[in-house]
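Would you mind keeping the following structure in view while I ask a few things?
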Amino acid sequence: MTPEDFRELTRTRIRVEGIVQGVGFRPFVHSLATELGLTGFVGNDAYGVFAEVEGKRNAVRAFLDGLRTRAPALAVVETVTAEEITPVGSRDFTIVASQAAAVRDTLISADTATCADCLAELFDPADRRYRYPFINCTNCGPRFTIVTGIPYDRSATTMAAFPMCAQCAEEYRNPADRRFHAQPVCCPDCGPSLTLVRTSNGRWVEGDPVRRTVRLLAEGRIVAVKGLGGYHLAVDAASEAAVAALRARKHREDKPFALMCPDLDTVRALCELGPIEEATLTSRRRPIVLLARRPDAQVAPSVAPGNRFLGVMLPYTPLHHLLAHEFGRPFVLTSGNVSDEPIAYTDDDARARLAGIADAFLMSNRDIHMRTDDSVVRVVRGREVPIRRSRGYVPEPISLPWEFPRPVLACGAELKNVFCLAKGRRVFVSHHIGDLENYETLRSFTSGIEHFRRLFDVHPRVVAHDLHPEYLSTKYALELDGVDLVGVQHHHAHIASCLADNREAGPVIGVAFDGLGYGTDGTLWGGEILVTELTGFRRVGHLAPVRMPGGAAAIREPWRMAAAYALAAYGEEIPDLAVARRHLDQWDSVLTIAASGVSAPVTTSAGRLFDAVAALVGIRDAVNYEGQAAVELEQRVDPGERGAYPCWVEPDPLLIHGIDLVRAALDDLDSGVDVGRIAARFHNGLAQAVVAAVEVVRQATALDTVALSGGVFQNVVLLDRLVDLLEARGFRVLTHSRVPPNDGGISLGQAAVAGALDRTQ
């Protein structure tokens, strides 16, 4: 190179931050630089990707533009910074070794469904990875569930136990190959393998494990299948005997099972499928999608008893593709656990906990580092709404428009627990932990926090928690040393979650409807109208309170709430009710408890109002999972009914008198009105009452934005009708799209509140 040539060169030091590790970003940078005739290097470090490029100025400008416009499909480029430095006369472009650092700020991609290229190889008899159940490349495969640390290199994953063979190593080193620096790359010669083990004798089953598994499913057997984030239990979805056996062994009486279908045509034969649902099903995240079932859907009744919807997913790992292709029809694929326990993810734990359920185990020798359940979504008003945000979404952060002055840990709620860590403008919302009601789930909670802290180098100085003193998540927070604690009221956290989800700070009129939450007055809230911003809230209205006879027993037995509402509605003149006759031996004593207030805490819960109506009209007297009565009441709604029950909204103090809805429902029931019409009129009446209450608040505050949050707003009928009514009155309505409206979104709200309060200091 002549001195004149050297003077024409420029060299630029570059940093790229975002989701840029484990997604083929370094190979992409190598290819882009080579294409533009640039020299230099690229590598990973604890902040993201670093690079230096040297060449002509126009080529460097094109390179910087291409980093954003041509990035790999799985990459999320948040920032690109560039600094011109002195040229050194480098002659080629290389990928250099990853660098560790004292402070880490990198991001990890979520686990991603098998890409089209790998799928083509999987079913190509001429390919060396034909029918290999662990095929992957830079564009797909395991990420979060196998990563043990950062920078994201093979040595920091559970694939470190599998040294690459010569062919895989050549692909890994070849910049032109799709597997260039793909950390989980492997093949049948050097990678993980499958084993099928019968539970009865603990022996390996000879032959192809996939084909033998399919044979067992066809025989009506239950097979525990090791997936990306844990074990699933699989059974033929068309066999009532097999599905019923799974229910009995798993102790899951009624809660619907998820289905895996081999392809979209199979889904269409079972469910109504719109374009947004189809796009969600086939996305790289591959969640379970709740779809309206067809009346002639060929699935066993026990798959989703009495439910108009089916939870359906498409294969998202090579193993799932092989099983689905070989089986050729839907099969149940539900979490590998006994009800209320976390999903089993280690082989020893699975064998210990699932031996009484599964007839066989389809296992692999690739370890799962972090258990992760399947995500569940529902399409509402044309957009995807998460019900459970987990595999495929986590740990990709949720970005906010505000800085967190200090790192925050938000511990979440008791049910559907999800914690989160926040720093900078990012919130790392965890995978679904579950209900913190046993030691195993608590251990999953605490180990998950430690893993996230290490992975994202977050050392919390502020810890947010629920106000309920008996929540295990609250107790965990209160036992931490050296941190500032921020207690966040449950329903404030719900509305703050909705605000953060929509990147807004308030103030808004918040409608927080859920099962129960600990109020600032020590009572159990759950039907709240709040004036809310991130830094605080005022409770300006709520559902008229009633008693919960027996406390927690009233949650498990909705007929008790029916008794409480009947007492509130009629006093001593309660009419002859079918629900009373069904519980004749306890009815009077429960009424006495409700009247006395002993062992009958006061609640304003919307969830308990739904429970009461469901029991009064004969839908459900006792529940086997949280919210079951309300879910089944929604299922019974006649979609063509537009009538609405009247409901008094008292303006001062602002009270929604739910007892009016109960009286109207009982009057219709006594007149022989169909339960579907009663359910519809109840939903419509409640929606109209909420709008009336919100109008009162608007008149007093001039606020015209309403945020809807809480588990009750998983009810699409109520949500849809309420949003229509509010928008027709000129309100702007905020709902959820990035985190669930249920308690799975609580930690985001807690973190947003803690950060906002910290900014005011």
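Please treat every number below as a calculation from the coordinates, not as lab data. Just so you know, these numbers come straight off a predicted model, no measurement behind them. As a convention, Cβ positions derive from the backbone with ideal geometry for all residues, glycine included, and neighbour counts pool all protein chains shown.
Residue by residue, what Karplus-based ³J(HN,Hα) values in Hz, rounded to whole numbers, does the range 365-372 have, using 6.51, -1.76 and 1.60 with θ = phi - 60° and x for Gly and Pro?
Going residue by residue, I get 9, 8, 6, 9, 7, 10, 5, 8 Hz, with x marking Gly and Pro.
Moving on. Roughly speaking, what is the centre-to-centre gap between the range 463-491 and the range 188-215 when only Cα atoms are used, to the nearest Å?
Cα centroid to Cα centroid, the span is 46 Å.
A follow-up question, please. Over 10 Å intervals from 0, what percent of Cα-Cα pairs in the range 49-126 sits in each interval?
Values per bin, smallest distances first: 11, 33, 32, 18, 6, 0.
Separate question: Please compute the length gained on full extension between S599 and C190, using 0.36 nm multiplied by the number of residues separating them and subtracting their Cα-Cα distance.
Numbers: separation 409, 0.36 × 409 = 147.24 nm, distance 6.28 nm.
Residue separation times 0.36 nm, minus the Cα-Cα distance, leaves 141.0 nm.
What's the ranking of 340-347, 80-87, 391-398 by average number of surrounding C-beta atoms within 10 Å, highest first?
Ranked from most to least packed, the peptides come out as 391-398, 340-347, 80-87.
Further, regarding this structure: Computed FRET efficiency, Cβ-Cβ of V338 and D65, R0 41 Å: what is it to the nearest 0.05?
On the way: r = 54 Å, r/R0 = 1.32.
Calculated value: 0.15.
By the 4.7 Å beta carbon criterion, which cysteine residues of the chain come out unpaired?
C118, C137, C168, C186, C187, C261, C271, C411, C420, C498, C647
So, one more: With n ≥ 4 as the cut-off for DSSP H runs, can you work out [θ] at 222 nm for the chain, using -39500 (n - 2.57) per run divided by the number of residues, rounded to the nearest 500?
Computed ellipticity for the chain at 222 nm equals -10000 deg cm²/dmol.
Now, a different point. Please report, to one decimal in angstroms, the Kirkwood hydrodynamic radius of the range 544-694 built from all distinct Cα-Cα pairs.
Working: mean 1/r = 0.0657 Å⁻¹.
So the Kirkwood estimate lands at 15.2 Å.
Can you give the direction-averaged projected area of the convex hull of the alpha-carbon atoms in the range 3-95, in nm²? The partial results should precede the final answer.
On the way: hull surface 21.5 nm².
Averaged projected area of the range 3-95's Cα convex hull equals 5.4 nm².
Shifting gears a bit: What distance in nm lies between label points placed 7 Å from Cα along the C-beta direction at T81 and N365?
4.5 nm
With each label point set 7 Å from Cα along the Cα-Cβ vector, what nm distance links R454 and E170?
It is 3.7 nm.
OK, next. So for the pair T34, E504, with labels modelled 7 Å out along Cα→Cβ, what separation do we get in nm?
Rounded to a tenth, the inter-label distance reads 5.0 nm.
Arrange the following residues from fewest to most other Cβ atoms within 10 Å of their Cβ: H321, H492.
Final ranking by Cβ density, sparse to dense: H321, H492.
Scan the range 606-669 for chymotrypsin sites (Phe, Trp or Tyr not before Pro) in coil per DSSP, keeping those whose Cβ has at most 16 other Cβ atoms within 10 Å, and list them by number.
Y625, W648
Next question, about the same structure. Order by neighbour count: V531, V753, fewest other Cβ atoms within 10 Å first, most last.
Result, fewest neighbours first: V531, V753.
Okay, moving on. List nothing, just return the count: lysine pairs in the chain, 8 or more apart or interchain, with Cα separation under 25 Å.
Number of lysine pairs found: 7.
Let me ask another. What whole number of Å gives the distance from the Cα centroid of the range 681-697 to the Cα centroid of the range 219-272?
39 Å
A further question on this structure: Assuming 0.36 nm per residue, please report the length gained on full extension of the stretch D177 to D521 beyond their Cα-Cα distance.
Here the answer is 117.5 nm.
What list do you get for H232, H325 if you sort them by fewest beta carbons within 10 Å?
The fewest-first ordering by Cβ neighbours comes to H325, H232.
Here's a follow-up. Output the Cα-based Rg and Dmax of the chain in Å, rounding Rg to one decimal and Dmax to a whole number.
27.9, 104
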